[in-house]
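Reading through the structure tokens given below for one structure.
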Amino acid sequence: MVRAEPAPQSSFREVIQLFEQIADDLQLEQEVRLLLRMPYRELHIEVPVRMDDGSVRVFSGYRVQHSGARGPYKGGVRYHPQADLDEVRTLAALMTWKCALVDLPFGGAKGGVQCDPSAMSQDELNRLTRRYTQNIAHIIGVNRDIPAPDLGTNAQIMAWMMDAYGQLEGHTPGIVTGKPIALGGSYGREAATGRGVSILLRLLCEDLGRQPAATSVAVQGYGNVGSWAARLAAEAGFRIVAVSNSAAGTHNEHGLDIAALDRHVRGGGDVAGFPGGERCSNKELLALSCDVLIPSAIGEVITEQNCGTVRTKVIVEGANHPLSAGADAALNDRGVVILPDILANAGGVTVSYFEWTQNIQQFRWDETRVNSELERILTQAYRDVRALAQEHSITMRRSAMRIAVARVAEAIRLRGFV
Ligand code: NAD
């Protein structure tokens, strides 16, 4: 039976359309196209959770495995009120392309639970995570599918996942990545995605002839990715002029003192209430007249409706799919340089790969080794993407996708799937 096509307004449809363009570029055979258009497997489960007040709530959960041609499925688990099958499919496909682009021996997957973690207690999140893990346990495994943190999840949630899986299968640290260090997590994993963003920002600015001190940067999202990207970019000399979280942001055109902002937030302060900047809305942040914009929160924050307000000349996609396809096309037409998500935020899965490798070998790397291997891998991927983009006068998104899809297609042929 052929599965239903995604709805016209779906982000997964946009991902399929991009894939079709690349398949045309590469003149992919029909069988390979058919295999890669839709995910290999989609699991939709209902997850009952006893809440602290004694009631039971039922949450929709998902695990989508897009392609396993290059290795075990790999991808995060998202806890968010809008997480649905379409979003999880989109993110699973992006994981396939991301892992292939940075040449990791993984396929692509993603998970999600439709819930609001900010409105749940730690005990409720613990019970939700354990039940979700039990319900997907039959399709994950160290050599099958390895979850990781994403929006709304963190190292603690990975610890609960590992423990719940271990109750079924015996102690298995390599079942998830992004774990706490004390449970076999990797040094450098927490900062890895933001570190990758800052490495790629530096490489891109070098190519564009921009000095860090003369480059102003706005970061949307001050969670794992955004806060580390802002912190490390500031350390590298960039001027961070604005950051935000879901409520609102803070802006200072002379540059925010990120260390002071960190102290303010750690002390329980609100980003928008930081005394070293002026409050700004997320809408204002996206429209700031600065050099680089780093969306690092949720998907499709820049669409055809608001892309006209974007004034930066460079966008580095810290988040997954922060631009709709229409916004991407319009900004490309205006000459905006866009470093695509599958390259810009690949630092996280790269260090997840190091964590998985360390767990399998039962050996730990020090942070210097983790960070230098990360820089080596991302620098190589960046150079490959830039070189192909320049050779064919195409965008970096198209170039990155060509490299990734060609690698997955090669694995499919070599395995004899087609
Ligand atoms: P997180 O939950 O740690 O932080 C998310 C941040 O975004 C928070 O500051 C939150 O307040 C803010 N936010 C939420 N909704 C918002 C809205 N509507 N407008 C503005 N800000 C909003 O999540 P994260 O792990 O930092 O992930 C952020 C993005 O990066 C996601 O798109 C995720 O898929 C992507 N990503 C994460 C990783 C990783 O290793 N964590 C790796 C690759 C990609």
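General observations
- Restricting attention to the stretch 264-316 and to residues that are of a type in the set (Ser, Thr, Tyr) and open to solvent by less than 50 Å² (accessible area, probe 1.4 Å), the residue that is nearest to the ligand (Cβ to nearest atom) turns out to be 296.
- Test: residue in the stretch 132-147 that is closer than 24 Å to residue 298 by Cα, within 15 Å of the ligand (Cβ to nearest atom) and under 21 Å from the mean Cα position of the chain (by Cα): yes
- Cross-chain or 6+ apart pairs with Cβ under 9 Å, the stretch 246-258 first and part of a strand (DSSP E or B) and polar (S, T, N, Q), then open to solvent by less than 50 Å² (accessible area, probe 1.4 Å) and near the ligand (Cβ under 9 Å from one of its atoms): 250/243; 250/244; 250/271
- Test result for residue 319, surrounded by fewer than 14 Cβ atoms within 10 Å (Cβ to Cβ) and near the ligand (Cβ under 9 Å from one of its atoms): no
- If you go through the stretch 69-118 and keep only what is open to solvent by 10 Å² or more (accessible area, probe 1.4 Å) and in a strand (DSSP E or B), you end up with 73, 78, 80, 114.
- Any chance residue 156 is away from the ligand (no atom under 16 Å from the Cβ) and either without any contact (Cβ under 8 Å) to a residue 60 or more places away in the chain or within 30 Å of residue 376 (Cα to Cα) (or both): no
- None of 153, 177 is within 24 Å of residue 55 (Cβ to Cβ) and crowded, with 20+ Cβ neighbours inside 10 Å except 153.
- Here residue 197 qualifies as in contact (Cβ under 8 Å) with a residue 12 or more places away in the chain, touching a Gly at 6+ places or on another chain (Cβ under 8 Å) and assigned to a helix (DSSP H, G or I).
- Pairing each residue of the stretch 321-341 that is closer than 15 Å to residue 90 by Cα with any residue that is open to solvent by less than 30 Å² (accessible area, probe 1.4 Å) and more than 16 Å from the ligand (Cβ to nearest atom), provided the two are 6+ apart or on different chains, yields C-beta distances under 6 Å for 340/396.
- Residue match in the stretch 382-397 (condition: of a type in the set (Phe, Trp, Tyr) and in contact with a Leu (Cβ under 7 Å, 6 or more places away or on another chain)): yes
- Top-ranked residue in the stretch 327-360 [being among the β-branched types (Val, Ile, Thr) and away from the ligand (no atom under 16 Å from the Cβ); ranked as least open to solvent (accessible area, probe 1.4 Å)]: 336
The values are calculated or read from the model by the stated rules, or taken from the named source; none is laboratory data. All values derive from a computational prediction rather than experimental measurement. Neighbour counts are summed over all protein chains in view; Cβ atoms, including those assigned to glycine, are modelled from backbone coordinates with ideal geometry. Heads up: the accessible areas ignore ligands, DNA and RNA and are worked out on the full protein's heavy atoms, side chains in. Shrake-Rupley method; radii C 1.70, N 1.55, O 1.52, S 1.80 Å.
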